[in-house]
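The values are calculated or read from the model by the stated rules, or taken from the named source; none is laboratory data. For clarity, every value in this text was computed on a predicted model and none was experimentally measured. FYI the Cβ positions are ideal-geometry reconstructions off the backbone, even for glycines, and counts take in every protein chain you see. What goes into the accessible areas is simple: the full protein's heavy atoms, side chains included, and nothing from ligands, DNA or RNA. Shrake-Rupley method; radii C 1.70, N 1.55, O 1.52, S 1.80 Å.
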Amino acid sequence: MEELAALNEEQRGPVLDTEGAVLVLAGAGSGKTRVLTARIAHLIEEKGVSPYNILAITFTNKAANEMKERLLTMTEISGAWVCTIHSMCVKILRTYAAQCGLEENFSIYSEQERNTVVKQICRELGYEDEAMLKSAKFHLSNAKMLGLSAEEYAAKYSHERNIEGAIKVYVRYNERLRKSNALDFDDLLVEARKLLRESKEALSELAGRFCYIHVDEFQDTNAVQFDIIKMLASVHGNLFVVGDDDQSIYGWRGAEIANILHFERSFPKAKVYKLQRNYRSTKEILSLANAAISNNRLRKGKELWTANPEGEKPVVHEAEEESDEALYCARVIAGLKQEGYKLSDFAVLMRINALTRSFEQEFTKYGLSYKVFGGFKFFERKEIKDILAYLRLIANPFDDEAVARVVNVPKRGIGERTVQTLRAYAETEGLSLYDAALDCDLLPLNAGTKAKVKSFADAVKDLIVKSQDLSVYKLAVYLVDTLGLRDFYRDGTDEGEAKAANIDEFLASVEEFERLNEEASLSDYLQQITLYSDTDEMDEGDYVTIATIHAVKGLEFRCVFLAGMEENIFPSPRSLDEPQGIEEERRLLYVAITRAKEKLYITRSRSRFLYGRREQTARSQFLGELSEALGLPPERERFGGYGGGYGGGYGGFGASRGFGSSRGSGGRRENVRYLGRASERDEGTFSFGGTSKPPSRPPQPVSAPPARQNDVGGFTVGTRVKHARFGDGVIVATRGAGRNVIITVRFETAGNKDLSAALAPLEIIGG
C-alpha cells in the first residue's frame, strides 16, 4: 500500500499493530492524522475489514472533514462513521430516540440557548439575584460535564453555597428541555452514556458493529466521553487512541489528562508508541518548545526532533504600551510581506481575547486584513441566531426556546407579558408554546394582541408547510425574504448594514452545505451548526489570524506572534489557585510555540490598559523559565522616559511614543541584537533574539497592489490625504524624522488617528 511506504519507522509501527488497545503519543506536527488515516486504509485494503465496522471520532468538524477527505483519496469508506464525538452521539440518540424518551427530530441547544432558558427559569423561581443566576449556570454546567443527575450532584456538592436553588433550576431545566424535545450540548454525551448503560440492545448492536475504534485528540476526552468509548470497545477490544499529553489544554471544560496518562490502567495490555519526529517547525522553535514543556511533571515524557533546518532564533519584543506592541507586529508583517509572505502565513496568538483590540486598531490603520477567532462566533451573532431559531422551530415545533426568541422578530408588538401568558396557558394545557400561539383565540388577551400572536403562528405554519417541498437553502431564502429580515436589521447604521450582510453570508453557508450534502435534511443542517467550533470557521482567505491559543489548536502558520506574555495574563491568575493549573497553562504555551513553522515572535507590553485601567506589568514567569533559551537579560526597572522606539528592524520605525528621540531620563544608548543585526537604539523598548536578514529597504504600503513606498516627505501639516479605510482627512501634526515619521490625521468621519507615514495606506489628495 502506497500510504505505508510514505510513513517513517515511528509511524509505521502503530499502523500495522491493529489488534487490541493501542496508545499513540503523537507530538505536535508529527503526522498523527497521516497515521490515523493510513491505519484505517490498511484495515480496509489489506485486512479486508468492512468500512461499516470502523469508527473514527475526533473533536471538531474541521478535523473530521479533513480525515474523510484524506481517506477518500486512499480507499472507499462508505458506511464508516468518521465524525466528531458529539455527532456520533447525535447519530446514536436519533437511532434509539424512542428508548431515550425523545422524538427523532429533537433540537440541540447551544450554550447560549441554555443560558437563556436558565435565566427564564430563575425568573420563574423568583431568583432575581445576579449571584444566584451565576451560581445556577455554573452548577448546571458542572453537573452536566460530570454526568451527574440532580440527586447525585446535590449529594456531592451539598456544602456549596446556593446549591439548593441551583438544584431546583437543574431539575426544572431538564423538564423544560424534555417538554421542548430538546437536548443541550452536554446532554448528547450524558444521554448517550445512559443509553449504553441501560439498554443491552443498543450496547450490543453498537459495540458489536464497531470492530475497530479510533479516537483522535484523546487527551481532550472527559470522563463521560471515555466511558462511552470504553463501552463501545467492550465487545472487540480494538481501541486505537492518538493524543499528546503535552497538548492537554481543556481541563477547564472537563478534559481529563488522566485518561491519557493512565490509559494502561484501563487497558493493561495496551501497547504504547511515540511519534517524536516533527515535520512542521525549525530546530530553533522545537528547542524552545521542548525547553518550555520540560518544566512540567505530569507528562509521559518525549522530546520532539526534526530534520528541518536550524532556522532563526525566536525573538522577544518588549514594548512600552499595547499599541506599540501591535504596531511592532504590523511592521514585521509588512516587512515580511515584501519578502513574499502572505497575510495568511501570520497568526497573532494570545491567552485571552480581551487583548485583540490594539491589534485590530493597528492592523486597520495600516490596511492589514485580519480575522478574529476565539471570541464571538459567526453563528452566535444575534441576527444569525434569530434565523436559526426559526429553522429550529420549523424542524421541531416543540422547541419553546425558539418560539420565545423569535415571537417578536421582526417586531410584532408582542412583549414579555404576552409571552408569559402563552407560557402559563401552555403549562396548564400541557402544550408547547407554538401550540399555545395556535390557540390564541382562547388566550386571555385583548383582540389586538391576539391578532399579533396569530400573525406569528400563521407565519410559522406557512414556513412549516413550505419546508415539506423546499430544500434547506430555498427554505432559508424564503424565510429571510418572507419575514423581511434584511430590512428589519437595516436601521441606517453601519452595524445594521453589517447584520444584513451577515444574513447573506449565512445564506451562502446554507447553499454550500446543501451542495456538499445533497441528501441532508433541515435537522442535519441544524445539527452541524450547533456542533460548530472556532476552527471550523476559518477559511482559506488571505488575512492575518488573530486568535486565542485555544482557538488554533491543530493549526499551523509560517510566522506566529505570541502576544501578552505578562503575569496575570499568561499564565492565567486563576491557574495559580487550581491543582496542576500552572501545568495546563504551560501546555498551552507549548501549543502556541508549536504552531510556528519558521518564525516565532514573543511580545509583551510594559504597561497595559485592561479591565478599565492602565497598570504596569511584569514579564510572564514563563519568560523567566525560558530566559536562558531566549537570551533574555534580567528585567529592568522602568526608565523615566520612553527612548527611541524600535530601532533598526526593517528599515527602522518609531513607536507611538519617542519616535527616535530620547524623552525624559534613561536615554542611555546600547547595542541590541534585533532582527538579525545590531542596531543602536534607546533602552525604552527591547527586542532580543534573531531572525532572517532584513530586507534592503523599508516596508512598502500594504493597502493594495501595486505596493509602493510612501514619500514621507510629502506628508506635511495641512496636506489633505485619503485613507483606504478611514476616508478623507487632513494632517494636523507630524513628529519624528526619516522613515520614522508619525503623522496625526484628522479624518472627517473617524476622528484623529496617529499613523506611520511610511506604512499607512495613504494617498495625498491636495494641500
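Things worth noting here:
- Loop-located trypsin sites (Lys or Arg not before Pro) in the range 360-450 whose Cβ has at most 11 other Cβ within 10 Å (DSSP): Lys411
- Separation in nanometres of the label points that stand 7 Å from Cα toward Cβ, at Ala750 and Thr116: 3.5 nm
- Over the chain, DSSP H runs of length four or greater, each weighted -39,500 (n - 2.57), average out per residue to a 222 nm ellipticity of -12500 deg cm²/dmol.
- Packing rank of 87-100, 220-233, where each peptide gets the mean count of other beta carbons within 10 Å, highest leading: 220-233, 87-100
- The range 163-270 - Rg and Dmax from Cα coordinates, angstrom: 16.2, 46
- For Ser78, the solvent-accessible surface with a 1.4 Å probe is about 80 Å², rounded to the nearest 10.
- Measuring between their Cα centroids, the range 469-519 and the range 117-164 lie 37 Å from each other.
- Loop GluC sites (Glu not before Pro), the range 64-159 (other Cβ atoms within 10 Å of the site Cβ: 15 or fewer; DSSP): Glu76, Glu103, Glu104, Glu128
- Accessible surface computed residue by residue for the range 196-341, with neighbouring protein chains in place and a 1.4 Å probe, gives 37 Å² per residue.
- Net charge contributed by nearby residues that have their C-beta within less than 13 Å of Ile765 (K/R +1, D/E -1): -1
- For the range 122-180, trypsin sites (Lys or Arg not before Pro) meeting the loop criterion (DSSP other than H, G, I, E, B) and having at most 14 other Cβ atoms within 10 Å: Arg161.
- Peptides 742-750, 346-354, 302-310 ordered by packing proxy, namely the average of other Cβ atoms within 10 Å per residue, highest first: 346-354, 742-750, 302-310.
- For the pair Phe378 and Ala6, label points projected 7 Å from Cα toward Cβ lie 2.9 nm apart.
- Set of the range 208-246 residues, backbone N closer than 15 Å to the point 7 Å along the Cα-Cβ line of Ser199: 208-209, 232
- Mean-position separation - Cα centroids, the range 722-767 and the range 303-360, in angstrom: 25 Å
- Cβ-Cβ distance of Val465 and Arg417, R₀ of 25 Å, FRET efficiency by 1/(1 + (r/R0)^6): the value works out to about 0.25.
- Carbon/sulfur fraction of accessible area - the range 31-130, other protein chains in place, 1.4 Å, %: 44 percent
- Residues of the range 371-479: accessible area per residue with a 1.4 Å probe, Å²: 43 Å²
- Antiparallel DSSP beta bridges within the chain, percent to nearest 5: 45 percent
- Cβ-Cβ distance of Glu427 and Gln99, R₀ of 30 Å, FRET efficiency by 1/(1 + (r/R0)^6): the value works out to about 0.65.
- Within the accessible surface of the range 164-262, defined with a 1.4 Å probe on protein heavy atoms only, the carbon and sulfur portion equals 49 percent.
- 15 Å cut-off, amide nitrogen to a point 7 angstrom out along Lys271 Cα→Cβ, residues in the range 1-23: 9-23
- With 29 Å as the limit, the listed pairs Lys119/Lys385; Lys137/Lys274; Lys382/Lys597; Lys179/Lys200 have Lys137/Lys274; Lys382/Lys597 beyond it between alpha carbons.
- Percentage of interatomic Cα-Cα distances in the chain larger than 40 Å: 43 percent
- Spatial offset of the range 44-73 relative to the range 1-21 amounts to 15 Å, using the alpha carbon center of each.
- The range 382-463 - percent of accessible surface contributed by carbon and sulfur, probe 1.4 Å: 54 percent
- Inter-probe distance in nm under a simple model that places probes 7 Å from Cα toward Cβ, at Ser369 and Val235: 5.0 nm
- Counted by Cβ distance under 11 Å from His236, the other residues give a net charge of 0, where Lys and Arg count +1 and Asp and Glu count -1.
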